[in-house]
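Structure record follows, encoded as structure tokens.
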Ligand SMILES: [Zn+2]
């Protein structure tokens, strides 16, 4: 098969010096971690030196080309793995992969993925058959939590944390649970999905078919909708945040409401999981007010006189997906 055309799309983000890796592979204790992050437009792969020292050895990207269908997506993942092998001189024993949506533990098929070609398919089984390598799959919120726990904010600030809840508040609201270094996917694959827990009827209809989900109150679009409702003006969340700082009453009302419902929603999670640390990711997670007023509100609603939960900003940015995927196999 001719790879020359496909190679045009491949570009290394960073690779290791081959002398380095010869020396690394001689160290029997070192277990490199292989991870792939499946996005709608690109597949990104990374090899980390080890769990203890998660230095990037190789990092590569290929386009997903999801419009070409299911078999082509699997082909592209195979292509990425081949390139990672060639670039590093290493061979994976197992690969972790992050993806949107969920792998249903009962049917072993994918569901709720925005890369719709994989929905209803035995994605893990088909990948393992095509690559000849065992795969460990988890959704992107779980990978986010895993990365921040293993090599990001949690490792930096609260290294002994046993239970980490990683929150993604952006276009949607999701969450991932890491306990003792392992993702808890749940019996039905919905572990950590607080975004579709009931919070308040005023949120209105959710795309999931229910009403008043956390997502209908805490997502970016939900805040923008509320601001538009009270002002008649379309305005992005970062701009609402700037207007809040400038003292605009409608922006204050919008963000105060966000803090109120964030406190209520996250207090429900704390009452059940009581995590050591909560990491707030996603576009809404960038709002600094969450760490002051938002946490104050959580303190009001939680079933305790104190609130000892540590709230952290994520450290890894867009890299959390692929690093978390690698940590799935740590
Ligand atoms: Zn919902």
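Name the residue that is surrounded by the most Cβ atoms within 10 Å (Cβ to Cβ), counting only residues in segment 313-330 that are outside any helix (DSSP H, G or I) and out of contact with any strand residue (DSSP E or B) (no Cβ under 7 Å at 6 or more places or on another chain).
Residue satisfying both the conditions and the ranking: 316.
A quick yes/no check of all residues on (1) in contact (Cβ under 8 Å) with a residue 12 or more places away in the chain; (2) within 16 Å of the ligand (Cβ to nearest atom); (3) outside any helix (DSSP H, G or I):
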position: 216; (1), (2), (3): yes, yes, no
position: 226; (1), (2), (3): yes, no, no
position: 240; (1), (2), (3): yes, no, no
position: 247; (1), (2), (3): no, no, yes
position: 252; (1), (2), (3): no, no, no
Going through segment 177-195 in order, the residues found to be exposed (fewer than 15 other Cβ atoms within 10 Å of the Cβ), away from the ligand (no atom under 16 Å from the Cβ) and under 21 Å from residue 114 (Cβ atoms) are 186
Hey, residue 166 hits all of (1) surrounded by fewer than 24 Cβ atoms within 10 Å (Cβ to Cβ); (2) away from the ligand (no atom under 16 Å from the Cβ); (3) not in a helix (DSSP H, G or I) but one; which does it fall short on? (1)
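Across segment 85-109, what is the number of residues that are more than 15 Å from residue 39 (Cα to Cα) and in a strand (DSSP E or B)?
Step one: filter segment 85-109 for residues more than 15 Å from residue 39 (Cα to Cα), giving 85-95, 103-109.
If we keep only those that are in a strand (DSSP E or B) as well, we get 95, 103.
Within segment 85-109, residues that are more than 15 Å from residue 39 (Cα to Cα) and in a strand (DSSP E or B) number 2.
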Picking from 69, 89, which residue would you name as being touching a residue at least 60 places away in the same chain (Cβ under 8 Å), touching a helix residue (DSSP H, G or I) at 6+ places or on another chain (Cβ under 6 Å) and farther than 18 Å from residue 316 by Cα? 89
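Given the structure, is residue 155 exposed (fewer than 15 other Cβ atoms within 10 Å of the Cβ), at pLDDT 95 or above and either in a helix (DSSP H, G or I) or within 13 Å of the chain's Cα centre (by Cα) (or both)?
It is false that residue 155 is exposed (fewer than 15 other Cβ atoms within 10 Å of the Cβ), at pLDDT 95 or above and either in a helix (DSSP H, G or I) or within 13 Å of the chain's Cα centre (by Cα) (or both).
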All but one of (1) touching a strand residue (DSSP E or B) at 6+ places or on another chain (Cβ under 8 Å); (2) in a loop (DSSP other than H, G, I, E, B); (3) free of Cβ contacts under 8 Å to residues at least 12 places away in the same chain hold for residue 133, so report the exception by its number. (3)
Which one of the conditions (1) modelled with pLDDT of 95 or more; (2) in contact with a strand residue (DSSP E or B) (Cβ under 8 Å, 6 or more places away or on another chain) does residue 245 fail to meet, given that it meets all the rest? (2)
Restricting segment 196-214 to residues that are modelled with pLDDT under 95 and in contact with a helix residue (DSSP H, G or I) (Cβ under 6 Å, 6 or more places away or on another chain), which is surrounded by the fewest Cβ atoms within 10 Å (Cβ to Cβ)? 208
Does residue 283 qualify as being modelled with pLDDT under 95 and either within 16 Å of the ligand (Cβ to nearest atom) or touching a helix residue (DSSP H, G or I) at 6+ places or on another chain (Cβ under 7 Å) (or both)? yes
Of all the residues that make up segment 200-213, how many are under 22 Å from the mean Cα position of the chain (by Cα) and more than 8 Å from the ligand (Cβ to nearest atom)? 0
What are the pairs, 6+ residues apart or on separate chains, where a residue within segment 187-209 that is over 13 Å from residue 219 (Cα atoms) has its Cβ under 6 Å from a residue that is within 11 Å of the ligand (Cβ to nearest atom) and in a loop (DSSP other than H, G, I, E, B)? 197/214; 198/212; 200/212; 201/212
Which one of the conditions (1) more than 20 Å from the chain's Cα centre (by Cα); (2) closer than 16 Å to residue 320 by Cα does residue 51 fail to meet, given that it meets all the rest? (1)
Considering each residue of segment 286-305, count those that are closer than 16 Å to residue 274 by Cα and not in a helix (DSSP H, G or I), and give that number. 4
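The values are calculated or read from the model by the stated rules, or taken from the named source; none is laboratory data. For clarity, every value in this text was computed on a predicted model and none was experimentally measured. Heads up, the Cβs are rebuilt from the backbone with ideal geometry, glycines too, and the neighbour counts pull from every protein chain shown.
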